[in-house]
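These notes are about the structure you will find just below.
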Amino acid sequence: MNKKQYEETRRTMLDEAQSLINAGKTDEAEEKMKEITALDAEWDKIAQAQANFNALNNEPEPRNVFGATGNGVSFTGQAPQEENIYDSIEYRTALMNYVVRGTAIPDKFRNEAGPTKTGDIGAVISPVVVNRIIEKMESLGMILPLVTKTSYAPGASIPTSSVKPVATWVAEGGTSEKQKKTTGYIDIKGYKLRCAISMTLEAHVMSLKVFETVFVNNVADAMVKAKEQAFISGDGNGKPKGVLTETPAGNVEIAKGKSVTYKTLTDMEGELPLAYENGAVWNMTKKTFMSFLGMVDADGQPIARENYGLNGKPERTLLGRKVLCNDYMPNISETVESDTVVAFLYDWGNYMYNTNYAMTVKSYEDNDTEDQVTKAVEICDGKSIDNNGLVTLTKKAA
């Protein structure tokens, strides 16, 4: 019996079973359905036997388990993928010698035919080191892990919605007003983030592993501070635009000579729209937060708490909301020379940080000090894409 005969026989038996059911002969219909089940089982055996025969009848295809070059392993019959030359030990060693000793990168690692002059770049930081820098920055930063990360090309215009649609209840057969969704654009720039690195004299005798560890720590620490500073107060000229340069959805003021009270903080919470309160966090310096410790509500309950988590790091909350302490804002004080934002509520998921995580490094000699200076460069940009959840606390000068 072949497949066509099986299908025709099964179709005939199904029609017969349906006719018996229509005639009210349920017992006979049950017997016919058992015959169909037996037919299916018989066909499964035939199909399995045919598949086994086909497998035996075809000669196995030989595989080169050593790969196309004789030194790689490929169990799929495909040649192994070529290693990224910038991830090779040879290049990483050359990068270490370039940074530490000023030894030029070998020509085979340079793109002499490219439009960019090799002298302008110096050397590309190997992907394995860049990945370690990114991991280190994520662990060091308080704000950086929370922002939305993108990798658009510099010069692109990214559309963003400034008004969210609203659902409407309607009667059966009714309709709702069509809502226009206002769309704006964010222009992506390519700003250079540069950090200078100094390697001590002992670096001349360090191993590759130690060099990369020191290099990663130096670059990550410097770049995190520069990025997070820009995310908060950057003016957008040659650097990302900070959230405090945007127009907030709400603002609470502290008069000259007055201190923050319980009502001041509850007014801040009141200014925060309900739709944005899930991801919003308090942002202020540690000294500002510590000034709130001991403050109580009308029932005598403390509104600021500092606990220690399982990892030993302090966990700070204010009115039950998480607090991110930073060193990039002024501390709160009774008098200020000009109107100053001392704290703000914001969901950092509404801040877009754009970069391709491609980093380069260049060494040069400082003519004034004759010191060998190494700088790492990354192209990036950042901007708040939704300010509706931004609420600021401003200390007034007058």
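The values are calculated or read from the model by the stated rules, or taken from the named source; none is laboratory data. Keep in mind the model is a prediction, meaning the values are calculated, not measured. For neighbour counting, all protein chains shown are included, and Cβ atoms are generated from backbone atoms with ideal geometry for every residue, glycine included. Side chains included, ligands, DNA and RNA excluded: accessible areas come from the protein's heavy atoms. Shrake-Rupley method; radii C 1.70, N 1.55, O 1.52, S 1.80 Å.
Just a few scattered comments:
- Whichever residue in the range 334-364 is outside any strand (DSSP E or B) and in contact with a Ser or Thr (Cβ under 9 Å, 6 or more places away or on another chain) and, among such residues, is most open to solvent (accessible area, probe 1.4 Å): GLU334
- Pairs where the first residue, in the range 1-20, is acidic (Asp, Glu) and the second is surrounded by 11 or more Cβ atoms within 10 Å (Cβ to Cβ), C-beta under 8 Å, 6+ apart: GLU16/LYS32
- Number of the condition not met by GLU253 [criteria: (1) touching an Asp or Glu at 6+ places or on another chain (Cβ under 9 Å); (2) charged (D, E, K, R); (3) in a helix (DSSP H, G or I)]: (3)
- Selection status of TYR262, over 23 Å from the mean Cα position of the chain (by Cα), aromatic (Phe, Trp, Tyr) and open to solvent by 50 Å² or more (accessible area, probe 1.4 Å): yes
- GLY238 at positive phi and open to solvent by 60 Å² or more (accessible area, probe 1.4 Å): no
- ALA298 being open to solvent by 30 Å² or more (accessible area, probe 1.4 Å) and modelled with pLDDT under 85: yes
- Any hit, the range 320-335, residues being in contact with a Gly (Cβ under 8 Å, 6 or more places away or on another chain) and either modelled with pLDDT under 90 or closer than 21 Å to GLY141 by Cβ (or both): yes
- Filtered by the rule that a residue be surrounded by fewer than 16 Cβ atoms within 10 Å (Cβ to Cβ) and either in a strand (DSSP E or B) or of a type in the set (A, V, I, L, M) (or both), the range 307-327 gives ASN307, TYR308, LEU310, PRO314, GLU315, LYS322.
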